[in-house]
1. Within the stretch 57-90, restricting attention to residues that are more than 10 Å from the ligand (Cβ to nearest atom) and small (G, A, S), which residue is surrounded by the most Cβ atoms within 10 Å (Cβ to Cβ)?
2. When D37 is evaluated against the numbered criteria (1) within 30 Å of R139 (Cβ to Cβ); (2) of a type outside the set (A, V, I, L, M, F, W, C); (3) at pLDDT 85 or above; (4) more than 16 Å from the ligand (Cβ to nearest atom), which criterion, by number, is the only one it fails?
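The values are calculated or read from the model by the stated rules, or taken from the named source; none is laboratory data. In this text the structure is predicted, and so the values were computed from the model without any measurement. Please note: Cβ atoms are built from the backbone with ideal geometry, for glycine as well, and neighbour counts cover all protein chains shown.
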Amino acid sequence: MNHAQLTALGRALRLLGEHGETLTADTPDARLHEIRDDLRRAVDLLDDSVSAGAPATRCPEHPQGPVDDSAPDLCLLCETRRRAARRSEFQGGRPRPGEPVPTAPSRYGVRGDRPQPQQRWLPELWNGQEWQLCGTPRRDRHEAEAYLAAQRRGSRPAMAYRLVHEFTDYEVLRVWGTPVRVDIEPMGNL
Ligand SMILES: [Zn+2]
C-alpha cells in the first residue's frame, strides 16, 4: 500500500465510521444509498491496496504456504518441522520419570503431543564478528562445559567461548478441580 492509497483508504474508513455514528432508525433511504456507495468505494480502495491474496495460514512466516488443517497455525511447513522435532525428541529423549504413557486418544491430544518444555545448553564461539554456535546443543550442562573446555584446549581455539542457556516452558495459569490419577479400566472390564 503506497502513501496515496493509505490516505484515501483512511479517509474512506473514517467516513464509514461517521456514518455509523449518525445512523438511527429514522435515517432516510437516500442517506442509506449514500452509505452503500461510500462502503463500495472503501472496498474498492481496499481491493487496490491489497497486493497479495488473503493469507491461507495464520503463520507469520508462511502466510501463503500450504495448509494443514490439523495444525494450530494451519501451516503445513511449520507443522512438518514441529513433527520432525517431536519425533527426534521422542526417539532421542530420555523417558521422563512419572510421565504416564498416554492411553486414551483425545481429539485435542495430551500435553505430550505438543512441543515439550526444553532446556538446552548451546556452546558458542566468538568468530571475530559475532557469537556463533560451535557444537551440538546439549541437554546436559556439564557435558556442554566439558565440550567447551576441550575446544579451548584445541590446536586453534577461538578468541572466546560462551555457554548459552536456552529454556522454553509452559506456564500453568490456573487449575480447576483436583486432578487425581485414576486407573483406566480395560474396555468391558472383564
Ligand atoms: Zn509456517
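1. Here the residue is A85.
2. (1) is the only condition that D37 fails.
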